[in-house]
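The values are calculated or read from the model by the stated rules, or taken from the named source; none is laboratory data. Note that the structure is predicted; figures quoted are calculated from it, not measured. All Cβ positions, glycine included, derive from the backbone under ideal geometry; neighbour counts span all protein chains shown.
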């Protein structure tokens, strides 16, 4: 029995029905990785031995009837900024080149308890800082749809290994669009949950007030299933939110009849590729056909999200990344004289250019005399942006929009002009500032056969609305739009 | 001309704060980057925020506590597992300045 | 010359709180312990770890704030203080800058009979750093994170003090209050209480403050006094030479009795404080403040009044004994057993204080049990031992916590009540000291004191002096 092109939920059902064992599933997965990752370069670490051990244990658990959940026996890829006990976790940075966590992130712990098998750790932009996965210290991940293109970022590795059919699903993290944008570029589905829904314990922080872990998979159902598994109220994360329900899969049966959906007209006005715009309008039409009320509206403050985001994210990052200093773990420079030189050389040699750029900016905006003008100002703008969304959600159940202005760019193009790269996050960033959930899913292919994603943004704690809409869209597209996951 | 002139001294100073050493070429690039970024973020000044409360946390949660109970046992081994250099069950670092 | 100037002093006092666990994780706070054993991912800054606030820390901070007449901040937050140092595993310290938990307090001190109020600017919560040990052999430092994350409060005074004596009185007052609250043991020598001193000088009558310096590494009251004197002199000298005082942090060297600037070009002292995104704010409703107030243990002033009333001891004695929570506790526990408050007070204020001073010990180091102490009081009271012997026995209790009953028996220290033996000894003393006897009979009544002393000596102290006096008087008639 082959698991080729199967989703996570389908795989676990096959195991449960004794059509295949968790051990065989894993072997096929390892085989796929061996065949494909040479070209895609989505993994930094694959821990075959540990995964095999786990598969044996999980298979027994399934046979004994102890593991009955929809992820039991499913191999999963984890972004390399999420702690995995005993498996190297590098953040794609030289400064953590050999770091082995001594504990699992809560999201990973939840996955393991559900019987999922961690096969490996995926490439990313160094410390999640970037939109192409090119800032990785170790490898340039390629887009499976066209190996000369980037997979997007920062969760480019996870999206690329899912899109190339190496694994059915994985975890990413989203600080300013890092799950949704690479999902869009790679033709897979990804969810950025409401802030506080998935514990950040064990997620190596970039921008603590913006970071969320979320699922990446081939369809909405898998994403909802994984989200249901990884989300929990966690006392180890003081910003974790206690929610009434952690049920995201029941929404898969819901429709969009009567839903009010707004499209920010600013999103379609300038800087957007025509084909991307068409995809959004196509999604809008499908929603209308399915009984939703769709209209354009004006979302205030769109232009202010990116500057506010970069100030907040860089300021937090400058502090979060201070701990990487060559004392407790990771890279230490070989030659230095005295403490301060040890710090400076270890950090300067250990961090890549983009990370240094953001640390410098973050340190500057927090430094004496500038705090009010930059950081405090950005926090005030953040409130205004949140209020603009609150206003929008008084009128609409969901916001529909593009994920990125274009499809995946060619490798090597974006890093030349950082500001331009930052600007490409325009549709995703404000969601993080306002703590909102959003789902990105493929909607069309452009003339070069590159995938185009759209996103539904919901109000806080209303993931189920966007999951229902995503599921509806996916079902409608399925008839004329079959995604191929064996491109490589 | 940029409205924000980032001088060599500023780059030097930020390098000390961030513990980053940049060579001359990197310094020039960092100056340019930072000037551009600061000019860009100046856009925020178009908004009047004088009456706006800064938002540090997105949700109004408060008072998240743990009870004062010992939950951890000897953590030495895990703590030192990744140490680049250690000695006598501690992390070895260059001599810290005395006095 | 220096009479033209006055010294202006403000204090930053760090106190380690007496919680069982650290401020943001479930690791023990016990002093000592093998290096890095009391650690976990949170207090060693492991990538991905997050802090969780210990509720008890907030309550202790509130209690100290209430006892020092502070306003409790209804809505308080943690901020990150960013600086690189190996004892600080995250390279930022979680502290409070913008919204500290307590503000605008004051305490009253008394120096040379003059009372004075010292303002408290704020009290904030923060985490302690680890320990750096210098390795002489290899010329490196070794980091131990056992202390990293131990909860601290920092009590920042207003610049209200004008002399070393006032500073010491203020510190004593804080220590006493915090010990009474049970919020810390406040041991300067173990570092559970530490003071950084901000000093400036100005011409008397001048309104503006001079430029201040901050003095660190002060581990005893003596060091604090000397550092204040030394720094005052240094600053006045600079001003007299028309030179500037530079605002800086200086490190006191106790051995050299001098201080040195801690500035280096690698330390910008720009801490880039910002609200910690990992910790939600603390909201303190009035009911919580009331609850902490209600649970507050009896403080010194109340205790003092109660002692006067319940135990009928003098204002003076009560005030001495309540100066330290340790002494007051010992007094109450011992009295509860033997019910002889006055004898207990006399022992504590006499022998105990003498021994503490002689051995240069702190009253927090007292380790004997109130049971043994009470037993001794009973033995004295019932005349089994006399007061001379009792001091010797008390010394043994103080040192080794001996059971006085057993000790007295084993060393045969009971008062001899056999009159025959006593009379025999007295007769020997009379015949051996004819001169004193003659003096006594000639009207120098005081001479009997010498004879009593000689008798007690011959009896090895085990006689009842009253009785000796009585028999002697009879025999010399």
Set C:207, C:256, C:260: member being over 18 Å from residue C:164 (Cβ atoms) and either part of a strand (DSSP E or B) or not assigned by TED's automatic domain parsing to the domain that holds residue C:164 (or both): C:260
Here is a list of conditions, (1) without any contact (Cβ under 8 Å) to a residue 24 or more places away in the chain; (2) more than 30 Å from residue C:262 (Cβ to Cβ), and residue C:92 meets all of them except one; can you say which number that is? (2)
Screening C:26, C:32 for residues that are on the phi > 0 side of the Ramachandran plot and not in a strand (DSSP E or B) leaves only C:32
Of the conditions (1) in contact with a helix residue (DSSP H, G or I) (Cβ under 7 Å, 6 or more places away or on another chain); (2) within 14 Å of chain C (Cβ to nearest Cβ), residue B:43 clears all except one; give me its number. (2)
Residue among A:3, A:95, A:76 that alone is closer than 24 Å to residue A:178 by Cα, in contact with a helix residue (DSSP H, G or I) (Cβ under 7 Å, 6 or more places away or on another chain), touching a residue at least 24 places away in the same chain (Cβ under 8 Å) and not in a helix (DSSP H, G or I): A:76
Specify which of the listed residues (A:198, A:256, A:220) is within 14 Å of chain C (Cβ to nearest Cβ) and in contact with a helix residue (DSSP H, G or I) (Cβ under 6 Å, 6 or more places away or on another chain). A:198
In segment C:357-367, residues that are touching a helix residue (DSSP H, G or I) at 6+ places or on another chain (Cβ under 6 Å) and either exposed (fewer than 12 other Cβ atoms within 10 Å of the Cβ) or without any contact (Cβ under 8 Å) to a residue 40 or more places away in the chain (or both) total 1
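When you check residue A:277 against the structure, is it part of a loop (DSSP other than H, G, I, E, B), away from every other protein chain (no Cβ under 14 Å) and over 27 Å from residue A:486 (Cα atoms), yes or no? Break it down stepwise before answering.
Details: part of a loop (DSSP other than H, G, I, E, B): no; away from every other protein chain (no Cβ under 14 Å): yes; over 27 Å from residue A:486 (Cα atoms): yes.
No.
How many residues are free of Cβ contacts under 8 Å to residues at least 24 places away in the same chain and in contact with a helix residue (DSSP H, G or I) (Cβ under 8 Å, 6 or more places away or on another chain) when one looks only at segment C:319-330?
So in segment C:319-330, the residues free of Cβ contacts under 8 Å to residues at least 24 places away in the same chain come out as C:319, C:322, C:329.
Keeping just the survivors that are in contact with a helix residue (DSSP H, G or I) (Cβ under 8 Å, 6 or more places away or on another chain) gives C:319, C:322.
Number satisfying all stated conditions: 2.
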From the set of residues in segment A:341-352 that are touching a helix residue (DSSP H, G or I) at 6+ places or on another chain (Cβ under 9 Å) and at the interface with chain B (Cβ under 8 Å from one of its Cβ atoms), which is surrounded by the fewest Cβ atoms within 10 Å (Cβ to Cβ)? A:348
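Mind telling me which of the residues B:98, B:62 ends up being modelled with pLDDT of 95 or more and within 10 Å of chain C (Cβ to nearest Cβ)?
One residue alone meets the criteria, B:62.
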Has segment A:308-321 got any residue that is part of a loop (DSSP other than H, G, I, E, B), in contact with a strand residue (DSSP E or B) (Cβ under 8 Å, 6 or more places away or on another chain) and at negative phi? no
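When you go through C:284, C:228 one by one, which is the residue that is within 10 Å of another protein chain (Cβ to nearest Cβ), surrounded by 15 or more Cβ atoms within 10 Å (Cβ to Cβ) and more than 30 Å from residue B:19 (Cβ to Cβ)? Give the steps one after another, and end with the answer.
Values: C:228 fails: within 10 Å of another protein chain (Cβ to nearest Cβ).
So the residue among C:284, C:228 that is within 10 Å of another protein chain (Cβ to nearest Cβ), surrounded by 15 or more Cβ atoms within 10 Å (Cβ to Cβ) and more than 30 Å from residue B:19 (Cβ to Cβ) is C:284.
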I'd like to check which strands (runs of 3 or more DSSP E) are fully inside segment C:35-118 and have at least 2 residues that are surrounded by fewer than 22 Cβ atoms within 10 Å (Cβ to Cβ), in contact with a strand residue (DSSP E or B) (Cβ under 7 Å, 6 or more places away or on another chain) and within 14 Å of chain A (Cβ to nearest Cβ). C:92-95
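Among the strands (runs of 3 or more DSSP E) contained in segment C:119-188, which hold 3 or more residues that are within 14 Å of chain B (Cβ to nearest Cβ) and buried (at least 19 other Cβ atoms within 10 Å of the Cβ)?
Values: elements: C:131-135, C:140-144, C:151-157.
Correct list: C:140-144.
State all residues of segment A:302-340 that are surrounded by fewer than 19 Cβ atoms within 10 Å (Cβ to Cβ), within 11 Å of chain B (Cβ to nearest Cβ) and more than 24 Å from the chain's Cα centre (by Cα); if no residue qualifies, say none. If you could, list the steps in order and put the result at the bottom.
Kept after step one, since they are surrounded by fewer than 19 Cβ atoms within 10 Å (Cβ to Cβ), are these residues of segment A:302-340: A:303, A:333-338.
Okay, now just the ones that are also within 11 Å of chain B (Cβ to nearest Cβ), so A:303, A:333-334, A:336-338.
Residues satisfying the conditions are A:333, A:334, A:336, A:337, A:338.
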Odd one out for residue B:52 among (1) assigned to a loop (DSSP other than H, G, I, E, B); (2) modelled with pLDDT of 95 or more; (3) facing chain C (nearest Cβ under 7 Å): (3)
So residue A:107 ticks every box in (1) within 14 Å of chain B (Cβ to nearest Cβ); (2) in a helix (DSSP H, G or I) but one. Which box is left unticked? (1)
Residues that are in contact with a strand residue (DSSP E or B) (Cβ under 8 Å, 6 or more places away or on another chain) and either modelled with pLDDT under 95 or not in a helix (DSSP H, G or I) (or both): does segment A:353-362 have at least one? no
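If we keep just the residues of segment A:280-302 that are part of a helix (DSSP H, G or I) and in contact (Cβ under 8 Å) with a residue 24 or more places away in the chain, which is nearest to residue A:264 (Cα to Cα)?
Residues of segment A:280-302 part of a helix (DSSP H, G or I): A:280-289, A:302.
With the extra rule that they be in contact (Cβ under 8 Å) with a residue 24 or more places away in the chain, the set shrinks to A:280, A:282-284, A:286-287, A:289, A:302.
Details: A:280: 11, A:282: 15, A:283: 14, A:284: 12, A:286: 17, A:287: 16, A:289: 20, A:302: 9 Å.
Out of the qualifying residues, it is A:302.
A quick yes/no check of all residues on (1) more than 25 Å from residue A:384 (Cβ to Cβ); (2) modelled with pLDDT under 95:
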| position | (1), (2) |
| --- | --- |
| A:256 | yes, no |
| A:288 | yes, no |
| A:295 | no, no |
| A:303 | no, yes |
| A:317 | no, no |
Residue count for segment A:232-248, restricted to those that are in contact with a helix residue (DSSP H, G or I) (Cβ under 8 Å, 6 or more places away or on another chain) and away from chain B (no Cβ under 14 Å): 4
Conditions (1) under 26 Å from the mean Cα position of the chain (by Cα); (2) surrounded by fewer than 22 Cβ atoms within 10 Å (Cβ to Cβ); number of the one not met by residue A:370: (1)
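Restricting to segment B:1-22, and then to whatever is part of a loop (DSSP other than H, G, I, E, B) and within 9 Å of another protein chain (Cβ to nearest Cβ), can you tell me which residue is nearest to residue A:305 (Cα to Cα)? Please lay out each step first, then the result.
Within segment B:1-22, the first condition is being part of a loop (DSSP other than H, G, I, E, B), and the residues that meet it are B:1-7, B:19-22.
Then keep just the ones that are within 9 Å of another protein chain (Cβ to nearest Cβ); that gives B:6, B:19-22.
Numbers: B:6: 24, B:19: 29, B:20: 28, B:21: 31, B:22: 30 Å.
So the residue we want is B:6.
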Within segment B:65-91, work out how many residues are buried (at least 16 other Cβ atoms within 10 Å of the Cβ), more than 7 Å from chain C (Cβ to nearest Cβ) and in a loop (DSSP other than H, G, I, E, B). 3
Which of (1) farther than 23 Å from residue A:207 by Cα; (2) in contact (Cβ under 8 Å) with a residue 12 or more places away in the chain; (3) in contact with a helix residue (DSSP H, G or I) (Cβ under 6 Å, 6 or more places away or on another chain) does residue A:336 not meet, given it meets every other one? (2)
Going through segment A:74-99 in order, the residues found to be away from chain C (no Cβ under 14 Å), farther than 21 Å from residue A:248 by Cβ and crowded, with 24+ Cβ neighbours inside 10 Å are A:75
